[in-house]
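The values are calculated or read from the model by the stated rules, or taken from the named source; none is laboratory data. Bear in mind the structure is a predicted one, so any value in this text is a computation, not a measurement. Glycine also receives a Cβ, built like all others from the backbone with ideal geometry; neighbour counts cover every protein chain displayed. Note: accessible area is taken over every heavy atom of the protein model, side chains too, but ligands, DNA and RNA are not part of it. Shrake-Rupley method; radii C 1.70, N 1.55, O 1.52, S 1.80 Å.
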Amino acid sequence: MHFDIPTLLTLIPLQALALALMLPILMGWSRASRAVRSGQISLMLQAAAWVLRAINQDLHSLVLWLLILLFMSAALSALWLALRDWLGPRDGRQLIVALPIVLPIGVAISALPQLGGGRWGSTVADLGLSLQMMLVVWACAKPSTRGQDHNWRGLVGASFLALALVTLCRAGIAIREGGFLPAQSTHPIQLYLLLTNQIAVLASVMAILVAWRGETEAALHRLAQTDTLTGLSNRRAFASRAFEMISLARRYDDPLALMMLDLDHFKSINDTHGHGVGDQALVLFANCLQQVIRVGDLAGRVGGEEFCVLLTRSDAIGPDALDLRLRRMLAERSQQTLNFKLEFSAGWARLRPGDRNIEDVMRRADAALYEAKRSGRNRLVAEPGNDA
């Protein structure tokens, strides 16, 4: 198969434009994550650079040349930022952000007559771009801190490593030739550069698509485990996590307590103030609950206005202490936020040796909650038969 530079310089802009247009349509823009948007911007900038390159094939216009360099460098920076968001903190942020500004300035300075009239411009550009590519390679090589498997890292890193090496080779050849390699040179390095760039672009697209799929799957998993209004665990996720916590408590013979909490007069709140205020009340209650529980405790919304808290290593004092903290915070914040005082009833039960699962404990805690409601609301009641 025969590749020639003029054909590649025509096909690459067309491919870049197609990818830059298709990805936002396929993945969306407004609801895309910051990492996905950075990846899409990277492809758009590359497409803009290659279109200008096709217009200015001889690179006679210094302004267009500087724009091409600006877009190429910014595209690499945007890709690096996407990798950082997907993989975790990476080294070199300040440098990767500064290079799209520094490189065009450096090339413009090299165009001054005193410095050779642009003779060294292509060498400066190649050295700067290869440095950015190596930063992308290093970002891919460094292990991810996001707790996910990113198998595409190796493909992207290898592609940009090859592109960086070819770019460095072109810079070396330009230095040997006196600082300038003509744009239309038939030197094999030009062909290798175009081909490795194609591979790097395709690797970037594959990485963006695979990472986006991973984001989507993670988001769906969170939705399946989370109550969308309050952000707490839903009933299914609460039961699943509670099973693990009960198993650990029995293995290490740790006390475990379950509280069930229910907002008082919630129907009246909806009828009087509207369902929007009712939702605000639920969100406020959930936020307060998250702030007062200890690290290691588990909170969930298990019904309309009903919540559960599983307290690890908790004796009889634990539910009383949490109840007191929650009532104080809720009374203060509800008055400030809703202009009326929110109250709740609660019941609690402890894990017993004969309990088969969390539902057994919940039944006793629910009975205690019912007693709290029956005896006047706005109070905490222990399970029947609790001697503590």
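Here are the numbers for this structure:
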quantity	calculated
Cα-based helix-to-principal-axis angle, 34-55 vs the chain, degrees rounded to 10	20 degrees
Two-site label geometry, Arg31 and Ala111: point separation in nm, points 7 Å out along Cα→Cβ	4.5 nm
Nearest 10 degrees, 0 to 90: helix 121-141 Cα axis against the chain principal axis	30 degrees
Region 18-92, accessible area per residue, ligands and nucleic acids excluded (1.4 Å, Å²)	44 Å²
Inter-probe distance in nm under a simple model that places probes 7 Å from Cα toward Cβ, at Asp360 and Leu248	2.1 nm
Whichever aspartates and glutamates have a C-alpha closer than 20 Å to that of Lys341, once near sequence neighbours (fewer than 8 apart) are set aside	Asp262, Asp264, Asp271, Asp279, Glu305, Glu306, Asp323, Glu332
Length added when fully stretched, His265-Leu64, from 0.36 nm per residue minus Cα-Cα	65.4 nm
Nearest-20 debye value, region 340-380 charge dipole, Cβ charges on Lys, Arg, Asp, Glu	160 debye
Centroid-to-centroid separation of region 320-335 and region 122-165 [C-alpha atoms, Å]	52 Å
The chain: angle of helix 188-225 to the longest principal axis, Cα-based, in degrees nearest 10	10 degrees
GNM flexibility winner over the chain from Arg301, Arg34, Arg352 (Cα, springs under 10 Å)	Arg352
Net lengthening on full extension, Arg213/Arg313 (0.36 nm per residue, minus Cα-Cα)	32.1 nm
Probe 1.4 Å, protein heavy atoms only - accessible area per residue of region 146-293 in square angstrom	51 Å²
Label-point separation in nm, Leu21 to Arg241, each point 7 Å along Cα→Cβ	4.7 nm
Percent accessible area from carbon and sulfur atoms, the chain, protein chains only, probe 1.4 Å	61 percent
